[in-house]
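Read-outs: derived from the displayed coordinates by stated rules, not from any lab. All figures in this text were calculated on a predicted structure; none of them were measured in a lab. So basically every Cβ, Gly included, is an ideal-geometry build from the backbone, and we count neighbours across all protein chains shown.
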Amino acid sequence: MEILIPRAGILVPIAIIYVIFLFSHKNETQKYNAIIQVSKNIDDPSKIEEILDSLSDNKKPIDYRRGGVITLFVGIGLFLFGLTFISILKGVGLLVGAIGTGSIIAGYLYPNDGAEITRAVEKFED
């Protein structure tokens, strides 16, 4: 029995990751099969392009400032919780808050939308 606990501790996360990838692959395969079936029944190529554009995953740039503010306040909350109950959470809260502060700074150093990039380029060229 003692040997099963460490093995389960190692194998359960591997199994969870495998199941996630399995269902993700199954979902993608079904999506592409649906596109093929729909494209067989549509004669107008422009409608097929519209369907493909609507199904494509448009990834938005990461907003470091928003994530940094959230992380900073989670760190502050952990620190305050550590003041009252569990003292180790003070250090954890400070660490998380420092990560949030770094993310906020990264958000200002690395602009992510077109307007901010244009302003940064113009400011650099002046």
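Key figures
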{"item": "Selected from 11, 83, 94 as most flexible by GNM, with the chain as the system and alpha-carbon contacts under 10 Å", "result": "11"}
{"item": "GluC sites (Glu not before Pro) restricted to DSSP loop in region 1-102 with at most 11 other C-beta within 10 Å", "result": "2"}
{"item": "Within a Gaussian network of the chain (alpha carbon springs, distance under 10 Å), most fluctuating of 62, 14, 48", "result": "14"}
{"item": "Distance-filtered residues of region 92-112 - backbone nitrogen under 11 Å, label point 7 angstrom along residue 123 Cα→Cβ", "result": "108-111"}
{"item": "Within the chain, helix-based [θ] at 222 nm, where runs of 4 or more DSSP H residues each add -39,500 (n - 2.57), nearest 500", "result": "-28500 deg cm²/dmol"}
{"item": "Burial ordering of 24, 103, fewest other beta-carbon atoms within 10 Å first", "result": "24, 103"}
{"item": "Max mean-square fluctuation residue, GNM over the chain, Cα-Cα springs under 10 Å, options 45, 13, 61", "result": "13"}
{"item": "Packing rank of 68-80, 32-44, where each peptide gets the mean count of other beta carbons within 10 Å, highest leading", "result": "68-80, 32-44"}
